[in-house]
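The values are calculated or read from the model by the stated rules, or taken from the named source; none is laboratory data. It should be emphasised that the depicted structure is a prediction, and the values quoted were computed from it without experimental measurement. Ideal geometry is used to build each Cβ from the backbone, glycine not excepted, and the neighbour counts take in all protein chains shown.
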Amino acid sequence: MRSSAKCYQFTKGDDDMYSAMTYPSIDIGKVLGKATKISSEEALKEIIPVDWSEQVLDGKYKGKSIIKAKDDEEA
Amino acid sequence: MCKIGDIIVVKNCKVGGQLIGRHSFVVLSTEKGEIEGLSFDLVCNIMSSLEGKGEEYKRKKLSFPENMPYSPTEENIINGHGKEGFIKAGMYFLFDKKELDFYVIGNVEIDLYLKLLDFVQNLDTKDISYIVDNLKEKRAE
């Protein structure tokens, strides 16, 4: 069975399509209702920033639709 | 503009009122909300790298129940780094997009996103937290 997430093609302007189709939203109110507030200092103390390539970090793809389907294995 | 499942890089993350380096997040919600009188319209989990770290470090980090590992094959990024890391699934950063300097670099695949949602369902409430330091207080003057 093909995974819809891996086989979709995506072009600029198709933003709503992928979002509505596959990614369910979470109930933020419910989540925050049982969460504890912490400071960003505490939150970030053990976080190591992800080491993206310079091109990615410099925003080369800023604002562009860069979601790509994986090279296929057609089912 | 960003959407659920997107990976974003935030350039102006604040810690103690000071700007720090760039951090990556997974977008979970773009719905408007308010908490403690602060408005937000973006909710994210932060990503952390495990690259270059030994097995003991990885084991320690992943022993925390709120840390969900991911493999580099579970992102879609052009020129992506192909390295492993984890997502702080139990920690919710609240942002106001108007005040945020960020850009979208890709997205997590649907399988990972669903795993993320599921992961949180099984967390104890003591392992779930939120951060509002990046929200601006509205002062009535």
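Confirm whether A:Ser4 is at the interface with another protein chain (Cβ under 9 Å from one of its Cβ atoms) and modelled with pLDDT of 80 or more. It is false that A:Ser4 is at the interface with another protein chain (Cβ under 9 Å from one of its Cβ atoms) and modelled with pLDDT of 80 or more.
Taking the listed residues B:Ser129, B:Ser63, the one that is surrounded by fewer than 13 Cβ atoms within 10 Å (Cβ to Cβ) and either within 16 Å of the chain's Cα centre (by Cα) or more than 10 Å from every other protein chain (Cβ to nearest Cβ) (or both) is B:Ser63, with no other qualifying.
When the residues of region B:132-141 are filtered to those that are crowded, with 18+ Cβ neighbours inside 10 Å and at pLDDT below 90, the one that is farthest from the other protein chains (Cβ to nearest Cβ) is B:Leu135.
Scanning region B:23-48 for residues that are more than 10 Å from the chain's Cα centre (by Cα) and of a type in the set (Phe, Trp, Tyr) gives a single hit, B:Phe40. Filtering B:Ile8, B:Ile20, B:Ile77 for residues that are in contact with a Cys (Cβ under 9 Å, 6 or more places away or on another chain) and modelled with pLDDT under 90 leaves a single hit, B:Ile20. Residues in region B:69-113 that are more than 9 Å from chain A (Cβ to nearest Cβ) and hydroxyl-bearing (Ser, Thr, Tyr): B:Tyr70, B:Ser71.
Of all residues being surrounded by fewer than 17 Cβ atoms within 10 Å (Cβ to Cβ) and facing another protein chain (nearest Cβ under 9 Å) in region B:4-19, which is nearest to A:Glu41 (Cα to Cα)? Just the residue, please.
B:Gly16
Of all residues in region B:96-105, exactly one satisfies the criterion of being surrounded by 24 or more Cβ atoms within 10 Å (Cβ to Cβ) and out of contact with any helix residue (DSSP H, G or I) (no Cβ under 7 Å at 6 or more places or on another chain), namely B:Phe102.
Within region B:29-46, can one find any residue that is buried (at least 19 other Cβ atoms within 10 Å of the Cβ), within 18 Å of A:Val56 (Cβ to Cβ), more than 10 Å from every other protein chain (Cβ to nearest Cβ) and modelled with pLDDT of 90 or more? Checking region B:29-46: at least one residue is buried (at least 19 other Cβ atoms within 10 Å of the Cβ), within 18 Å of A:Val56 (Cβ to Cβ), more than 10 Å from every other protein chain (Cβ to nearest Cβ) and modelled with pLDDT of 90 or more. You will find that of B:Leu38, B:Leu19, the residue that is touching a Leu at 6+ places or on another chain (Cβ under 9 Å) and closer than 17 Å to B:Ile131 by Cβ is B:Leu38 and no other.
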